[in-house]
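Here the structure is laid out as structure tokens; the discussion comes afterwards.
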């Protein structure tokens, strides 16, 4: 199996789906000739031509609104936002229409579009290039919100997102676009949207995370084992919404001690929903209050101070040890 | 280097064919089959009388808030009259005559405006989009549909509607720009009814016309007398034919007037004079069209009376059917449907909890 970065794996997913299905259309700013600013769509215009890899004018709402029309007509547009910080121009189109047209039309129409956007910190970029606003989308009924954590699941989830009959917001953790490689099979692979995944088995506590924070979370789990002899159950959400709580609840009932890790701000963040589900479904199994290891409730600082904002291994280990001491 | 001048289109055409008392400019009169003219007349009359009936139903509390269309029948009906069934209409929310023309049953309009989702469902044999409430946002959907039509090699056309207020929205400009860049088969129809709730056209934009916005996007634009169904029909036909033939998009500004309120929750007396409304009443598109049809020998005073009676009976029957249908509607569990293709687990839990709660509440009520 070839070893690939997440960028290459996403490119593979787009390429194979476009080969398989001529209703898959890639569109966005600089996605064609330039291959996307992160090169996720690199070479697609050579393979499929400018009719299927569309360089659009610079207008995010226009891109999203046009994608909605394309999807209603029966195409499967995969539109790219250059950075999540510019995707809020599309909020109106996505909230008012993409997420509702199935409901509004009582099932007559649906919007099988994917809106891809790189998000999160870690790339020494300018303002508006480092936020984690996944809850904006996760709060909207009718929408799906997916975040991969590595090349292999990124490829599998993007294929599933393209085939999904509902609109999917697909956030790509750009800090790990090229940070590591994984074996990605050439043969087709999908991963169901709306299902979390256990990536490490343990009985002493539960660590829940997703996206770029999976790496420090797994490193923290390893450190807890090596230095403290503690075995952590680690769960990767993969889909933020619709949130699958079955594994979370099962794990919390087993360990009684849970920390949720994300780089989005804490208040009303994805962790808040995780905590609520655990309180509803595993309350009497909890041995300690659920910990949230998250970004602070501030604008993410420019990159020189970013390391203090983002949860890292030490903060995760610290939270875990407090949980275990409780 | 000297300062030079870049030549741009300096003028926008204004098209008006029917005179206020039904006379016609013979050079501009479109060739329209007599039966089609009578069908247009019938639909205008039906939409007007139905609009009036909806207003009285709303005042009696039998339906909820709705946006009346009176005065704008020619502007939107004339635009869709030449469309094929396979073309797509992407409406705003003040195009009821066009909606009826495209096959919307009257009772579904009552059902929808009485707060039942079932009323908005588009039948399987019709492609049009449901109404879109957020001003101007639907324009982009028509652009996407037109893109898809072009990609699939169809010779169909997408037509979208919006008001004068929408031309201030970003989505209007993005839509025209995208359609111009990709040369898409889409027709943008602006029903300039002079008022965006309380904001007059003069406060919406400094531009002399709305049609001239097309110039900035490199596409044709035309202003028409929107209370003249012949002018609207002719301008729309030209735009539709051009789009179908691969000639790209057009912006049509229909100058018309919202004779009633923005919605039934609005009181126009707060911001406009009765004299202004009276002035526009003289330009009412229906009597103008009737005078034309009578002069042409297609209609008579007696025939108009007969049409009025037929339309009234049709409306009464629709009201009765709707009220009968609504007795069977209202299953609260419908609110959990159509969120996703498959209901997520947590939504099934919420639905089950609703069923449990409702059953227990009913039991307690019986007990008490």
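Values in this text are rule-based calculations from the coordinates and carry no lab data. Keep in mind the model is a prediction, meaning the values are calculated, not measured. Don't worry about glycine lacking a Cβ; one is built from the backbone with ideal geometry, like all the others, and counts go over all protein chains shown.
Viscosity 1.567 mPa s, temperature 4 °C: give me the Stokes-Einstein translational D for the range A:151-233 in µm²/s, with Rh taken as the Kirkwood radius over C-alpha pairs.
For these conditions, the coefficient is 89 µm²/s.
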Requested in this report: Considering Cα pairs under 8 angstrom that are at least six residues apart, work out the relative contact order of chain A and quote it in whole percent.
Outcome: 16 percent
Report summary line: For the protein assembly as shown (alpha-carbon point model, no solvent) the Debye-based log₁₀ I(q)/I(0) at q = 0.06, 0.08 Å⁻¹ works out to -0.42, -0.71
Query raised in the report: Hey, what number do you get for chain B at 222 nm if only DSSP H runs of n ≥ 4 count, each worth -39500 (n - 2.57), divided across all residues, to the nearest 500?
Result: -14500 deg cm²/dmol
**Report entry** chain B - share of DSSP beta bridges that are antiparallel (%, nearest 5)
**Finding:** 10 percent
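For a footprinting-style exposure proxy, rank A:34, B:82 by other Cβ within 10 Å, fewest first.
Details: A:34 13, B:82 20.
Fewest-to-most ranking of A:34, B:82: A:34, B:82.
When 1/r is averaged over all different Cα pairs and the result inverted, which Kirkwood radius in Å belongs to the range B:13-327?
By the Kirkwood definition, the hydrodynamic radius is 19.7 Å.
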Query raised in the report: Taking neighbour counts of Cβ atoms within 10 Å as a proxy for exposure, in what order, fewest first, do A:97, B:41, A:139, B:173 appear?
Result: A:139, B:173, B:41, A:97
Query raised in the report: Quick one: Cα convex hull volume of the range A:197-325, Å³ per residue?
Result: 97 Å³
Report summary line: For chain A, longest principal axis from Cα atoms; helix A:6-20 axis from its Cα atoms; angle between them, nearest 10 degrees, is 40 degrees
Query raised in the report: How long is chain A along each principal axis, judged by its Cα atoms, biggest number first, in Å?
Result: 60, 42, 39
Query - Where only alpha carbons of the range A:25-96 are counted, the Rg and the Dmax (Å) - result: 11.7, 35
Query - Acute angle (nearest 10 degrees) that the helix A:246-255 long axis makes with the longest principal axis of chain A, alpha-carbon atoms - result: 20 degrees
**Report entry** Fraction of antiparallel bridges per DSSP, the range A:197-325 only, in percent to nearest 5
**Finding:** 20 percent
Report summary line: D (µm²/s, integer) via Stokes-Einstein for the range B:128-213, Kirkwood Rh across alpha-carbon pairs, 37 °C, 0.692 mPa s: value 244 µm²/s
Report task. Determine, from the Cβ-Cβ distance of residue B:121 and residue A:178 and an R0 of 45 Å, the FRET efficiency 1/(1 + (r/R0)^6), rounded to the nearest 0.05. Result -> 0.40
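Using 0.36 nm per residue, how much length does the chain from residue B:331 to residue B:183 gain when fully extended, once their Cα-Cα distance is taken away? Please report the intermediate quantities before stating the final value.
Values: separation 148, 0.36 × 148 = 53.28 nm, distance 4.59 nm.
Gain on stretching residue B:331 to residue B:183: 48.7 nm.
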Report task. Using only Cα atoms, tell me the angle between helix B:229-244 and the longest principal axis of chain B; keep it within 0 to 90° and round to the nearest 10. Result -> 90 degrees
Query - Antiparallel DSSP beta bridges within the protein assembly as shown, as percent of all bridges there, nearest 5 - result: 15 percent
Query raised in the report: Which translational diffusion coefficient, to the nearest whole µm²/s, is obtained for the range A:3-183 from the Stokes-Einstein equation, given a Kirkwood hydrodynamic radius over C-alpha pairs, 4 °C and 1.567 mPa s?
Result: 81 µm²/s
Requested in this report: Provide B:101, A:103 in ascending order of the number of other Cβ atoms located within 10 Å of each residue's Cβ, fewest first.
Outcome: A:103, B:101
Query raised in the report: In nm, what is the difference between 0.36 nm times the number of residues separating residue A:34 and residue A:253 and their Cα-Cα distance?
Result: 73.9 nm
Report task. Could you give the spread of the C-alpha atoms of the range B:214-310 along their three principal axes, from largest to smallest, in whole angstroms? Result -> 44, 43, 22
Query raised in the report: Counting partner chain Cβ atoms within 10 Å of every residue's Cβ in B:120-131, what's the average?
Result: 3
